[in-house]
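The values are calculated or read from the model by the stated rules, or taken from the named source; none is laboratory data. Predicted, not measured: the structure shown is a model, and the values here were computed from it. Don't worry about glycine lacking a Cβ; one is built from the backbone with ideal geometry, like all the others, and counts go over all protein chains shown. Surface accessibility is based on the protein's heavy atoms, side chains included, excluding ligands, DNA and RNA. Shrake-Rupley method; radii C 1.70, N 1.55, O 1.52, S 1.80 Å.
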Amino acid sequence: MRAYLYRRNRTRIHRTNSENEPFSENEPLLREPGPSRIQDYEQTQANNGMADIGVSQAALVEPRGDTGRKLPQYIAALTATLGALAAGSMLGWSSPVVFKITQANSTDYDFEVSSSQGDWVSSLINLGAAAVCFPIGLIMDALGRKKTMLCLVLPFTLGWLLITFASNVGMLMAGRFITGIAGGAFCVTAPAYTSEIAQDSIRGTLGSYFQLMITVGILFSYVVGSYTSVFVFNILCTLIPIIFGIVFFFMPESPNYLVVKGRNDEAKEALIRLRGRNYDVDTELSSLISKAEEAKNNPVSFLSAITKKNALKAILICYALMLFQQLSGINAVIFNTSTIFASAGATIPTAIATIIIGVIQVVATFVSSLVVDKLGRRVLLLFSALIMCLCSTALGVYFFMQEVHGADSSIVEAISWLPLLSLSLFIVAFSLGFGPIPWMMAGELCLIDIKAFVSSTAGTFNWLLSFTVTSTFNSLNKAIGQGQVFWMFAGIMVLGFIFIFFIVPETKGKSVDEIQIVLGAEPQTQTNTTNKK
């Protein structure tokens, strides 16, 4: 008499032969059987003189190992983040250009741009991004992640053309606002897309590519914008979203989105393209279909979905990380780059100093992409908050001493090395943790039924905070002093460290279901089934 014991939550199948003796432990184990593998297995048993055993396919489907090709996923993620490169060039554009066009002898445009108008030209992208973040969540749920990002090529190109061929300040401001809309939309769609196409083991790495390409785009603007004419620079910026559209056109749609829309065949083909043809996509596809059917058969209102314990905790974490990112003082540090270099006694020109900071950002963000799936999100955030707090404190001490004793005093000269060191370490720490990770957390923490809403509203919150900080920083310096402002940023980072330590969970290598359980969702119990004959 032969007995087969199938355990759903184990990869090993326990079995005995006709003499009721166990098979050798060294024999091949049955893993990941699709329908064809079940047939092959039963045929093998029949050929060995064994009777067929009736067994359900569901009992044989076991959890997959993290197999499959990773290269197609890297390519798709990098292609998607070419939109982030376009957004980065938009963010970095104002640093070299606004200084040029606000000069009295500027010939880059046929009209004059005052200093106050230059401030608006710089900051309008924040308002454009904030305006689009909420509706873009609804749009990408209706059209899909891929189509939405392809549609964004149009406003990006239109905005850059308005900037390039502007005949008055109004056209220039309109172009900046429209490019801000496109850039802000990419900040929502690109992280959502990359989190949905990635396997768990590389999800963090792919998610960090978004911030990496942002920093590359900023560095591109610093370098090219400083050493070319404004017209040539604008043309090059216009080409980036066009190149993105051409390349990304050939990438697959998010399998999660396709399953939710009932396009299972397309979802399977997308998974094969992303994982390779030797990968058994049936199990992953079945899991996605099961979740989609469960959501369809047990409909939950949006209000109910967003007020669940795990959803509320995810929203709190996403919003808080965006808050701490923008109130960390990153913009204050960037704005003071030239002052800090000069205070340290450096004779480096402003353009070179800015490029150095851009290079530091790119290198540190690249390092973060390499270690985020090894060290984890939580560790990097804690390290980032701690180092940024110390650096802000040191900058505050320097500027406070400068205000009290004067820039030429001996005590200030004795610590002239402090601001340059603090600046560099601050940028490194931000780029390792608080730069990339807040943008990827909405994609990791939220289920697909609320992901678009949380991503979009968190993005809106981030851009509004950015606009507030950039527009009030100078007046805040005058009101309470530059040193005290940096100490305020340091205090905010202390609060951020405490919040991360007690509230933010580690998501490294965890599946969506595992993350939801960590956030407080009820685990879905699975009963073991035993088939005997």
Q.
Which chymotrypsin sites (Phe, Trp or Tyr not before Pro) in region 129-178 sit in a loop by DSSP (not H, G, I, E or B) and have at most 14 other Cβ atoms within 10 Å of their own Cβ?
A. Phe165
Q: Evaluate the Kirkwood expression for the hydrodynamic radius of region 292-441, namely the inverse of the mean inverse distance over all pairs of different C-alpha atoms, and round to one decimal in Å.
A: 17.7 Å
Q) Which whole number of Å³ per residue matches the convex hull of the alpha-carbon atoms in region 190-251? A) 80 Å³
Q | Whole-angstrom gap from region 179-195 to region 380-444, using each part's C-alpha centre | A | 28 Å
**Q.** Average silhouette area of region 378-453, convex hull of alpha-carbon atoms, in square nanometres
**A.** 6.3 nm²
Q: Using R₀ = 41 Å, calculate the FRET efficiency as 1/(1 + (r/R₀)^6) where r is the Cβ-Cβ separation of Leu390 and Arg69; round to 0.05.
A: 0.45
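Please list 439-448, 511-520, 127-136 highest first by mean number of surrounding beta-carbon atoms within 10 Å per residue.
Per-residue Cβ counts within 10 Å, averaged per peptide and sorted highest first, yield 439-448, 127-136, 511-520.
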Q. Quick one, what does Rg over Rh come out to for region 407-533 if you take C-alpha atoms and the Kirkwood Rh?
A. 1.18
Q) Suppose R0 equals 45 Å; then what is the FRET efficiency for Phe249 and Asp408 from their Cβ-Cβ distance, rounded to the nearest 0.05? A) 0.15
Q) Over the Cα atoms of region 210-298, how large are the radius of gyration and the largest Cα-Cα distance (Dmax), in Å? A) 20.0, 60
Q. Taking the simple approach of a point 7 Å from Cα along Cα-to-Cβ for both Lys510 and Phe111, what is their distance in nm?
A. 5.3 nm
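Averaged per residue, what accessible area in Å² does region 85-190 show with a 1.4 Å probe, protein chains only? Spell out each step's value before the answer.
On the way: 4000 Å² over 106 residues.
Per residue, region 85-190 has 38 Å² of solvent-accessible surface.
Normalise the Cα radius of gyration of region 115-242 by 2.2 N^0.38 Å (N = residues in it) and let me know the number.
Values: Rg = 15.6 Å, N = 128, 2.2 N^0.38 = 13.9 Å.
Compactness ratio reported: 1.12.
What pairs from Lys268/Lys313; Lys70/Lys313; Lys296/Lys508; Lys268/Lys309; Lys70/Lys508; Lys308/Lys510 go past 27 Å between their alpha carbons? Spell out each step's value before the answer.
Working: Lys268/Lys313 32 Å; Lys70/Lys313 31 Å; Lys296/Lys508 29 Å; Lys268/Lys309 32 Å; Lys70/Lys508 17 Å; Lys308/Lys510 20 Å.
Cα-Cα > 27 Å for Lys268/Lys313; Lys70/Lys313; Lys296/Lys508; Lys268/Lys309; rest within.
Between Tyr227 and Thr283, what length in nm is gained on full extension when 0.36 nm per residue of separation is reduced by their alpha carbon distance?
Numbers: separation 56, 0.36 × 56 = 20.16 nm, distance 5.33 nm.
Between Tyr227 and Thr283, full extension yields an extra 14.8 nm.
What's the extension gain from Phe473 to Ile348 if we count 0.36 nm per residue and subtract their Cα-Cα distance?
42.5 nm
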Q) Just from the alpha-carbon atoms, what are the Rg and Dmax of region 448-506 in angstroms? A) 15.4, 46
Q. Taking a point 7 angstrom from the Cα of Val363 along the C-beta vector, which residues in region 421-436 have backbone N less than 13 Å away?
A. 424-425, 427-429
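Which number do you get for Rg(Cα) / (2.2 N^0.38 Å) in region 196-344? Intermediate results must be reported in sequence, preceding the final value.
Details: Rg = 21.8 Å, N = 149, 2.2 N^0.38 = 14.7 Å.
So region 196-344 has a normalised radius of gyration of 1.48.
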Q | Bins of 10 Å, starting at 0 and running to the largest distance - Cα pair percent for region 113-185 | A | 22, 47, 23, 8, 1
